[in-house]
Amino acid sequence: MKEFKILAVIVALVAVTYYGIEPYAHHVMHPEPAPADYAFSDLKNVDTTLKGDVANGKVLVEANCIACHSIEKEGYPAMMSDSDAASSYGVVPPDLSSAGHLYQTNYLANFIFDPVTASNLKHKYPEGGAKVHPMPSYNWMAAQEIMDMVAYLQSIPKATYVSESEERRADFIDACGRCHSMAYAGISARTPGDVAKAYLGATPPDMSQYIKSRGRHYLENFINDPQRLLHGTGMPRVGLSEEAQTHVIDYMEEIGDAKKAEREDLGWKVMLYMLVFAVFALLWKKQIWRDIH
Amino acid sequence: MAEFKKADSMLEWFDQRLGVVNFVKVMMTEYWIPKNINFLWAMGVVITVLFTLLLVSGIFLLMYYKPDVNMAFDSVNFTIMQDVAYGWLFRHIHAVGASVVFLVIYIHMFTGIYYGSYKKGREMIWISGMLLFVLFSAEGFSGYMLPWGQMSYWAAYVITEIFGGIPLIGDELVVWIRGNFYVSDATLTRFFMLHVLLIPLAILGAIVFHFYALRFPHVNNEEGEFFDFDEEAEKYKAGDKKGSKVIPFWPVFLSKDFMVVGFFMIFFFYLTFYHYGFAMDAINFDKADGLKTPAHIYPEWYFLWSYEVLRGFFFDIAGISGKDLGLIAFGIANAIFFLLPWLDRSPMVKPANQRPYFKYWFWILMADLIVLTIYGKLPPTGVNAWVGFASSMTFLVLFAVLPFITKLEAKKVGGK
């Protein structure tokens, strides 16, 4: 029993130290932000209760969007190569084929209305400042017209994928791949690094190990609204729906922590092996010490 | 050459040439350990097991690791962690093993302090153990640089910078250590050499020395009792196993150690597979970037207490800059444990709780080290800075008063 008392003292000392240097220190260094808001409820410029008209939306999109944006799935190809588009606009404009699925409805409507406010980049593009967002505001449009365009974008059927992994990869590329590379997945940013640096203020980092360096929880909050965790960053709020964001983070985990399943499956087996070893060692010790005590 | 008669068995063949029978006796079956011990006496074997795991996993990692600033990060995080079959397992064992071995070293070390196993003939055991502690620290620090992540880089930057505080030669010394004016490829490659060759060689030598140092003064026991080992060994050999105060290293002592190792390894592998974040800091999965300082720089947990002593002095005292004071205190903190056998002036070899004054000293030291460790990680701002200062001062004062406390204790117990 004395040995268990000693063990208890050691466990207590180690537990206090561990609590101090891990959970407590992390809590102090990284205070928990307010939970992610997937409704983007701070954006209120467009009445999203209006029902959009797909046919009218298509007409409006053709008239207003495809000069800069491609919609490959609908037969509107990109006008320029990625590098030309990047030098023209600062960043490669997104293809809109998946926009209706990636971006949350309220965000998408408000982004069309006023990109700077929706993407939370007022510090970068102040009103009347020299720099302007490459996408103009459509705040002169009626809310109904904006909702028509949203309805059209959402009506574009989602591509079919052979696996969930392929779908997650496609979502990652569409949502992040214009600026971010992911070398471990063989994904290169569509906007060249030096152009992106000029546009964003810093070279967007490679995402290969971000699931490890940031962790799922941080990524959830960060992608939802980068300014809350990294004030002043050039990264826009991209307005991913909860589902699309989960796809993106799952894909980052699939690439960045590729051996997770193998690790978790092997772990308990090794522990079980050690338990068997320990029990045999205990029995052997008891047998040997029988003559000693 | 001596005459050899034809051997009747393989054992005899080897015995003629290597004296194996006697060797096994001296090293194992007639190497005597006190019987009156608890599981804390198994920590040495636990450390040996962990060191073996580190050595073996390190050899596998060495086959794929590239000590070059352009390749190191990906060779660890892609090649080893993803490409090589079970490469991730070796890295996890290596990283978690390096962290956990310090936990066990600290338990081993404070067991020695608690039971007074550093004095009255056991000084060289203590000195060689402290030497191992320093070597393991150097090994841990040099190894931490190799993945070439942000914390690798910035911890290397901060720690090598410390040497700049040494008078006269400081600035040149920093350049000499780094092999450049800043932490660079030259730094990485030389720390790689230190980590995989020079320091491991020194550690192996020091382990042999540490084991050898145990032979003459013998292992201490739970009550600090001194007795005649030869007499007790004779009793044991004559068959009075119950009456003898000693047991042989093999199989009796090791049978208990194997059991402790077995249960300990369940915990170790739990950490390796499911709870490794404490040993593989998230920030280190960002590639090293000399132009981007992380918001918080801290060393691995096992260096936090001495790191906090270093930065505990954040203001000038009597015209000496806080930085210099911190450096002096840091130097003292790293050297003072070596002197413990001579700072403790009491002849008592007993568990701390049976010593009238030392027991307070011991538990205050433990509490102070835990406070230093925790505040060594927290940002040194506001009240944290003052807690750091107070606990650093407490540490220094504890060692300054130890000779006087133990002298009083010696008087009180009358030289026993």
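In loop segments of segment B:308-416 as defined by DSSP, the chymotrypsin sites (Phe, Trp or Tyr not before Pro) with at most 12 further C-beta atoms inside 10 Å of their C-beta are B:315. A straight line joining the Cα centroids of segment A:254-274 and segment B:131-167 runs 31 Å.
The shape of segment A:48-160 comes out oblate: with a ≥ b ≥ c from the C-alpha gyration tensor, a/c is at least 1.5 while a/b does not beat b/c. Against the empirical curve 2.2 N^0.38 Å, the C-alpha radius of gyration of segment A:32-256 lands at a ratio of 0.97. Counting, for every residue in B:95-107, the Cβ atoms of other protein chains within 10 Å of its Cβ and taking the mean gives 1. Fraction of C-alpha pairs exceeding 21 angstrom in segment A:211-284: 50 percent, rounded to a whole number. The heavy atoms of residue A:27 present about 120 square angstrom of accessible area, all protein chains included, probe 1.4 Å.
Counting other Cβ atoms within 10 Å, keep those with at most 16, restrict to DSSP loop, and tell me which GluC sites (Glu not before Pro) in segment B:137-172 are left. Walk me through the numbers on the way to the answer.
On the way: sites: B:139, B:161, B:172; in loops: none.
Within segment B:137-172, no GluC sites (Glu not before Pro) qualify (loop, at most 16 other Cβ atoms within 10 Å).
Evaluating 6.51 cos²θ - 1.76 cosθ + 1.60 at θ = phi - 60° for every residue in segment B:138-145, the Karplus couplings come out as 5, 5, x, 5, 5, x, 5, 6 Hz, glycine and proline recorded as x. Dimensions of segment A:33-99 based on its C-alpha atoms, expressed as ranges along the principal axes with the largest first, amount to 39, 37, 19 Å.
Largest to smallest in accessible area, the residues A:3, A:22, B:3 fall in the order B:3, A:3, A:22 (1.4 Å probe, all protein chains included). Taking amide hydrogens as placed 1.01 Å from N in the peptide plane, the amide H of residue A:103 sits under 5 Å from those of A:241, each at least 5 positions away in sequence or on another chain.
Placing A:1, B:109 in order of accessible area, with the largest value first and a 1.4 Å probe, yields A:1, B:109.
For residue A:233, the solvent-accessible surface with a 1.4 Å probe is about 20 Å², rounded to the nearest 10. Modelled this way, with points 7 Å down the Cα-to-C-beta line, the labels at residue A:273 and residue B:227 are 4.1 nm from one another.
Within a straight-line Cα-Cα reach of under 22 Å, residue B:120 can be paired with the following lysines, leaving aside sequence neighbours fewer than 8 residues apart in one chain: B:35, B:245, B:350, B:359, B:407, B:411, B:412, B:416. Computed from backbone phi with θ = phi - 60° and the Karplus coefficients 6.51, -1.76 and 1.60, the 3J(HN,Hα) list for segment B:192-200 is 4, 4, 4, 5, 9, 10, 4, 5, x Hz; x is used for glycine and proline. Annotation: amide H-H contacts under 5 Å for residue A:187 (H modelled 1.01 Å from N, sequence separation of 5 or more, or interchain): A:182. Across segment B:37-77, Cα-Cα pairs more than 11 Å apart make up 69 percent of the total.
222 nm [θ] for chain A, helices only, -39500 (n - 2.57) per DSSP H run of 4+, per residue, to 500? Intermediate results must be reported in sequence, preceding the final value.
Working: 15 runs with 156 residues, N = 293.
Helices in chain A give a 222 nm mean residue ellipticity of -16000 deg cm²/dmol.
Counted as membrane-span-like here are DSSP H helices of chain A whose alpha-carbon atoms extend 20 Å or more along the helix's own axis and whose Kyte-Doolittle mean is -1.0 or above; these are A:2-19, A:242-256, A:260-289. Projecting label points 7 angstrom from Cα along Cα→Cβ for residue B:197 and residue B:413 puts them 4.9 nm apart. For chain B, the calculated P(r) over all alpha carbon pairs, in 20 Å bins from 0 to the bin holding the longest distance, is 22, 52, 24, 2, 0 percent.
How large is the helix-only mean residue ellipticity at 222 nm for chain B, computed as the sum of -39500 (n - 2.57) over DSSP H runs with n ≥ 4, divided by its residue count, in deg cm²/dmol to the nearest 500? Write out the running numbers ahead of the final one.
Numbers: 16 runs with 242 residues, N = 416.
Mean residue ellipticity at 222 nm (helix-derived): -19000 deg cm²/dmol.
Per-residue 3J(HN,Hα) values for segment B:168-176, derived from phi via the Karplus relation 6.51 cos²θ - 1.76 cosθ + 1.60 with θ = phi - 60°, read 6, 9, x, 4, 5, 4, 4, 5, 5 Hz in sequence order (x marks Gly and Pro).
Two decimals is fine: what's Rg over Rh for the protein assembly as shown, C-alpha atoms, Kirkwood radius as Rh? Could the numbers behind the result be given before it?
Values: Rg = 32.2 Å, Rh = 29.9 Å.
On the Cα set of the protein assembly as shown, Rg over Rh gives 1.08.
Bridging of residue A:122 to lysines at a Cα separation below 17 Å is possible for A:44, A:131, once same-chain residues fewer than 8 apart are set aside.
Separation of segment B:83-125 from segment A:45-96 is 61 Å, based on Cα centroids.
Using the alpha carbon gyration tensor of segment B:145-226, what are the three equivalent-ellipsoid semi-axes (square root of 5 times each eigenvalue), largest first, in whole Å?
Numbers: eigenvalues 272, 54, 34 Å².
Computed over segment B:145-226, the values are 37, 16, 13 Å.
A Förster radius of 56 Å, combined with the Cβ-Cβ distance separating residue A:18 from residue B:4, puts the computed FRET efficiency at roughly 0.40. For segment B:34-61, a reduction of at least 20 Å² in accessible area between the chain on its own and the assembled protein chains (probe 1.4 Å) is found at B:35, B:38, B:39, B:40. For peptide A:253-266, the mean count of partner chain Cβ atoms within 10 Å of a residue's Cβ comes to 3. Put simply, the C-alpha atoms of segment B:275-409 give a gyration tensor, and the ellipsoid matching it has half-axes of 32, 19, 12 Å, longest first.
How many percent of all Cα-Cα pairs in segment B:88-176 sit more than 16 Å apart?
Details: 2622 of 3916 pairs.
Percentage above 16 Å: 67.
Give the lysines reachable from residue B:377 as a straight Cα distance under 19 Å; neighbours fewer than 8 places away on the same chain don't count. Within reach: B:323. Neighbours of residue B:65 by Cβ distance under 12 Å: Lys/Arg scored +1, Asp/Glu scored -1, total 0.
Please state, as a whole number in µm²/s, the translational diffusion coefficient that the Stokes-Einstein equation yields for segment B:1-139 at 25 °C and 0.890 mPa s, with Rh defined as the Kirkwood radius across alpha carbon pairs.
Details: Rh = 19.0 Å.
For these conditions, the coefficient is 129 µm²/s.
Near residue B:149, the amide H atoms lying under 5 Å from its own belong to B:288; only residues 5 or more places off or on other chains count, and H is placed 1.01 Å from N.
Between residue B:332 and residue B:86, the modelled label-to-label distance comes to 5.0 nm, taking each label 7 Å out from Cα in the direction of the beta carbon.
The values are calculated or read from the model by the stated rules, or taken from the named source; none is laboratory data. Nothing here was measured: the structure is a model prediction, and the numbers come from that model. Neighbour counts are summed over all protein chains in view; Cβ atoms, including those assigned to glycine, are modelled from backbone coordinates with ideal geometry. With ligands, DNA and RNA removed, areas are computed over all heavy atoms of the protein, side chains included. Shrake-Rupley method; radii C 1.70, N 1.55, O 1.52, S 1.80 Å.
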